[in-house]
Amino acid sequence: MAKAQSGAISFGLVHIPVSLYTATQYDDVRFHQLDKENLALVRYKKTASDGRELSGGDIVKGYEYEKDKYVLVTDDDLESIKTEKDRSIQITQFTDLSAIPVVFYNKPYYVVPEKGGERAFSLLSTAMQEEGKVALGKTVLGTKETMLALLPAENGLLMQTMYYPAQLREFPKDVTYSEPVQAELDMARQLVKALDRPFDPSGYVDDYQERLKNLIENKIEGKEVVAQPSSGGGKVINLMDALKASLERTEKQDDGKQAAHAGRSRSKRAVGA
């Protein structure tokens, strides 16, 4: 796994050297854009305003301070203005996880201690875990200062970059809501309880990407692409009927899972005998 950045965690007078590793990856099927006439690959070229094609080494960063007047800024220039504080994760407070609206979270990183920081890192993550707290602070990633949250995780700490309040739009105000009917609310609560179970991420897969891969394989092999059958869903005519049907289906699925589990248990005992 490639390291995204090295730095440190600082809180009070404690300084812990750490490394950041990107916690997500792009796994979607990717398409190329092709010329409809001859399937030639469509390429995007970087060109100057005079039409000359440019390579990566020909391009520099420039800030337009007046019309058509630029000052050049290099990567070394950007690094030179970073202080030690910018290169570290500055913890400013600890708070409850429930106090942070999820809309603030942006991108996750794994935080790993570097040599010499293992003891202090373990001390911090264990204290946060036992107190049930997350840390809030700031750091500079690339050329941007970002808010962040450090969350205790099974193997240490997870860092979530966060949006600043000014980057978030207000919730739509023209949305209207109606008061729920008590009988429907009671049924909805039953459905919520019926679907309540511990979080198991292994049960979630990108089904659409699998169907997309199958579509591509079928087209490669010259097979006909068959449309997916309708799920039978449509406009909800009666909300109460829909809630009842959903609850009945959930209960049947749970009964089926329990029966299957019992069958596997009996098979194991029979094998053991």
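The values are calculated or read from the model by the stated rules, or taken from the named source; none is laboratory data. This one's a predicted model, so the numbers in the text were calculated from it and none came from an experiment. Cβ placement follows ideal geometry from the backbone for every residue including glycine, while neighbour counts extend to all protein chains displayed. What goes into the accessible areas is simple: the full protein's heavy atoms, side chains included, and nothing from ligands, DNA or RNA. Shrake-Rupley method; radii C 1.70, N 1.55, O 1.52, S 1.80 Å.
Remarks
- Ellipticity estimate at 222 nm from DSSP helix runs (n ≥ 4, -39,500 (n - 2.57)) divided over the chain, nearest 500: -10000 deg cm²/dmol
- Using θ = phi - 60° in the Karplus curve 6.51 cos²θ - 1.76 cosθ + 1.60, the 3J(HN,Hα) couplings for segment 218-226 round to 5, 5, 4, 7, x, 7, 6, 8, 9 Hz; x is entered for Gly and Pro.
- Long-range amide H partners of residue 157 with built H, under 5 Å: 111
- Exposure check, 1.4 Å probe, all protein chains in place: residue 71 carries approximately 70 Å² of accessible surface.
- Report note on the peptides 30-38, 243-251, 136-144: ranked by the mean count of other C-beta atoms within 10 Å, highest first, their order is 136-144, 243-251, 30-38.
- Net length available on complete extension from residue 55 to residue 205 is 50.0 nm, with 0.36 nm assigned per residue and the Cα-Cα distance removed.
- Rounded to whole numbers, the Karplus 3J(HN,Hα) couplings from phi for segment 43-49 are 10, 10, 9, 8, 10, 7, 5 Hz, using 6.51 cos²θ - 1.76 cosθ + 1.60 with θ = phi - 60°, and x at Gly and Pro.
- Taken along the Cα-to-beta-carbon direction at a fixed 7 Å, the label points for residue 213 and residue 32 span 2.1 nm.
- Listed residue (29, 90, 225) projecting farthest to the positive dipole end of the chain, Cβ model: 225
- Relative contact order, whole percent, for the chain stands at 15, derived from Cα pairs under 8 Å and 6 or more residues apart.
- Normalised size of segment 48-180, defined as Cα radius of gyration per 2.2 N^0.38 Å with N residues, equals 1.49.
- Taking amide H positions as modeled 1.01 Å from N, with prolines and chain starts lacking one, the residues under 5 Å from residue 114 and 5 or more places away or on another chain are 18, 19.
- Highest mean packing first, where packing is the average number of other Cβ atoms within 10 Å per residue, the peptides 92-105, 117-130 line up as 117-130, 92-105.
- Partners of residue 193 within straight-line reach, counting lysines whose Cα lies under 21 Å from its Cα and excluding those fewer than 8 residues away in the same chain: 244, 252, 257.
- Computed packing ranks the peptides 191-197, 63-69 as 191-197, 63-69, most packed first, by mean other Cβ atoms within 10 Å.
- Computed over segment 5-145, relative contact order equals 33 percent, with contacts defined as Cα pairs under 8 Å that lie 6+ residues apart.
- Which listed pairs, of 69/173; 61/115; 36/213; 46/223; 45/223, have C-alpha distances above 31 Å, in listed order: 69/173; 61/115; 46/223; 45/223
- Modelled label reach - residue 144, point 7 Å along Cα→Cβ, segment 152-192 residues with backbone N closer than 19 Å: 159-170
- Label selected from (1) 22; (2) 13; (3) 53, the criterion being percent of Cα pairs over 35 Å apart as computed here: (3)
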